[in-house]
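Undergrad: I'd like to ask you about the structure that follows.
The values are calculated or read from the model by the stated rules, or taken from the named source; none is laboratory data. Every value quoted in this text rests on a predicted model; they were computed, and no experiment measured them. Quick reminder, even Gly has a Cβ in these numbers, built from the backbone with ideal geometry, and neighbours come from all protein chains shown.
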Amino acid sequence: MSRTYKLGVIGLGEGRSIISAALQSERWELINVCDLNEEVCRARREEFGLSRYTLRYEDLLNDPEIEVIAIYTPDQLHGRHILQALEAGKHVIVTKPLLHSLEEASSLLEAAKKAGKLVFVGQSSRFFEPMIHQRKDYEAGRHGEVDTVEAYYISDARWFLKRDWSRQKGFSWMHNFLSHPVDLAKWYLPGIEEVFGYGHSSRVNQEYGLSSPDTLRFLLRDGEGRIAQVSGSYTKPTLRQVDSGIGCTLRGSAGTSRALYSKLLYHTHFAGEGPMTHSYEEKHPYYFRFEGESHHAGEYQNYIEYFADCLDRGETPKPDLLEGIHTLAVMAAMERSRETGRPVKVDELLREYSLPVQGGETDAYANRA
């Protein structure tokens with residue numbers, strides 16, 4: 001039986017979208033919101049007609065009415081904020097990346113198991129309209145045997161560097177941006193075992209004082225020899241008139257498809273029918289509720305309602321904590337490959353941090369009461 005769940009939100013920059021999502025959802029009641037910047041709090045109160053806000057995360061943690069905390073703080077703070085929420089007995093929704101490194105992963109697995117609470121990683125690209133339809137076609141077997149995945153995220157994201165925290169230690173273009181196509185690749189090839197690739201830091205990137213490469217190209221291979229190609233570029237002009245920011249192409253024995261973001265387009269060529277283009281442009285106001293197309297309110301509403309459905313059924317929402325950690329391990333292996341110039345095994349990183357290797361007990365931490 002479905003019911004309404006009660007939500008607290010920390011981080012009201014990116015959290016703007018989940019505020020909109022919660023207020024428009026019949027499955028959620030927004031209880032309180034939090035940010036260190038009172039000016040941002042006041043702006044959200046004015047924008048959404050909120051009755052209250054707080055500058056203290058402790059107020060969310062100690063509120064017995066709040067069942068779920070949604071975390072949209074800078075990447076470097078995710079680990080601490082997730083741990084505090086679990087210790088307070090709350091379920092967690094956290095924007096990607098789950099963490100900025102694997103160092104905190106083991107303590108989070110232990111805390112989630114002890115608390116008996118769920119951690120859901122908000123990989124928004126999975127919940128965009130074309131990607132939803134692509135997944136349905138994949139699960140229906142319309143692609144046949146998929147053996148190649150091509151995913152990319154190309155964006156002139158210099159605007160993102162106006163955020164002070166993006167120029168601080170711990171920020172990574174790979175974790176904050178390339179995590180979208182890496183997650184899409186791993187969604188379809190969950191058993192990625194080995195990675196190889198290159199990264200380059202452009203002059204523009206260096207002018208901002210960043211060492212994290214802003215141009216990235218990688219190949220990923222699973223245990224069956226299937227291949228994913230993942231790419232990203234983040235500080236250069238784009239060709240938005242012909243390119244969509246994010247794309248995911250599946251190539252299989254019976255068909256090929258490409259789902260796009262931010263264009264609401266899905267291209268298919270399946271056995272028994274010719275090439276087709278499916279447009280969902282009528283849903284543009286649902287997905288993009290603010291200025292331009294840089295926010296994710298529609299995807300967030302889709303995934304919080306999915307999360308609520310999972311809570312109703314006692315199921316673990318995906319990507320969960322362990323899947324998020326394995327995706328981080330893939331990216332850590334990619335970083336090592338870039339640095340060493342050699343292919344790197346994903347389990348090599350998992351073992352270094354004493355984490356469950358892939359194919360282990362996927363729900364070991366989710367022993368909920």
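Undergrad: With the condition kept exactly as written, say whether any residue in the stretch 324-331 is at negative phi, exposed (fewer than 14 other Cβ atoms within 10 Å of the Cβ) and at pLDDT 95 or above.
TA: Let us first name the residues in the stretch 324-331 that are at negative phi, namely 324-331.
Cutting the leftovers down to exposed (fewer than 14 other Cβ atoms within 10 Å of the Cβ) gives us none.
Among the residues of the stretch 324-331, not one is at negative phi, exposed (fewer than 14 other Cβ atoms within 10 Å of the Cβ) and at pLDDT 95 or above, which makes the answer no.
Undergrad: So which of Val195, Val204, Val230, Val182 is farther than 26 Å from Glu299 by Cα, buried (at least 20 other Cβ atoms within 10 Å of the Cβ) and aliphatic (A, V, I, L, M)? Steps first, please.
TA: On the way: Val204 fails: buried (at least 20 other Cβ atoms within 10 Å of the Cβ); Val230 fails: farther than 26 Å from Glu299 by Cα; Val182 fails: farther than 26 Å from Glu299 by Cα.
After applying the criteria, what remains is Val195.
Undergrad: Give the residue, chosen from Leu210, Leu250, Leu264, that is more than 20 Å from the chain's Cα centre (by Cα) and aliphatic (A, V, I, L, M). Reasoning before the result, please.
TA: On the way: Leu250 fails: more than 20 Å from the chain's Cα centre (by Cα); Leu264 fails: more than 20 Å from the chain's Cα centre (by Cα).
Every option except Leu210 fails the conditions.
Undergrad: So which residues in the stretch 1-20 are closer than 12 Å to Ile304 by Cα and over 16 Å from the mean Cα position of the chain (by Cα), if there are any at all? Give the steps one after another, and end with the answer.
TA: Kept after step one, since they are closer than 12 Å to Ile304 by Cα, are these residues of the stretch 1-20: 4-7, 17-20.
Within the stretch 1-20, Thr4, Tyr5, Lys6, Leu7, Ile19, Ser20 meet the criteria.
Undergrad: Can I ask one more? Could you list, ordered by first residue, the pairs with Cβ atoms under 9 Å in which the first is in the stretch 292-319 and touching a residue at least 40 places away in the same chain (Cβ under 8 Å) and the second is surrounded by fewer than 17 Cβ atoms within 10 Å (Cβ to Cβ) and aliphatic (A, V, I, L, M), at least 6 apart or interchain?
TA: Taking only residues 6 or more apart or on different chains, the pairs are Asn302/Ile132; Asp312/Met1.
Undergrad: Among the candidates Asp137, Asp147, which residue alone is surrounded by fewer than 21 Cβ atoms within 10 Å (Cβ to Cβ) and not in a helix (DSSP H, G or I)? First the steps, then the outcome.
TA: Details: Asp137 fails: not in a helix (DSSP H, G or I).
Unique residue meeting the criteria: Asp147.
Undergrad: All but one of (1) surrounded by fewer than 19 Cβ atoms within 10 Å (Cβ to Cβ); (2) among the charged types (D, E, K, R); (3) without any contact (Cβ under 8 Å) to a residue 40 or more places away in the chain; (4) not in a strand (DSSP E or B) hold for Arg3; state the number of the condition that does not hold.
TA: (3)
Undergrad: For the structure I just gave you, tell me whether Lys186 is under 26 Å from Cys310 (Cα atoms), more than 14 Å from the chain's Cα centre (by Cα) and among the basic types (Lys, Arg).
TA: Details: under 26 Å from Cys310 (Cα atoms): yes; more than 14 Å from the chain's Cα centre (by Cα): no; among the basic types (Lys, Arg): yes.
Judged against the criteria, Lys186 is not a match.
Undergrad: To continue, here is another question. Suppose the filter is part of a loop (DSSP other than H, G, I, E, B), surrounded by 18 or more Cβ atoms within 10 Å (Cβ to Cβ) and small (Gly, Ala, Ser); does Ser212 pass it? Quick ask: steps written out before the conclusion?
TA: On the way: part of a loop (DSSP other than H, G, I, E, B): yes; surrounded by 18 or more Cβ atoms within 10 Å (Cβ to Cβ): yes; small (Gly, Ala, Ser): yes.
Here the answer is yes, as Ser212 does meet what is asked.
Undergrad: While we're on this one: Go through the stretch 174-212 and count every residue that is basic (Lys, Arg) and either under 11 Å from Ala228 (Cα atoms) or touching a residue at least 60 places away in the same chain (Cβ under 8 Å) (or both).
TA: 1
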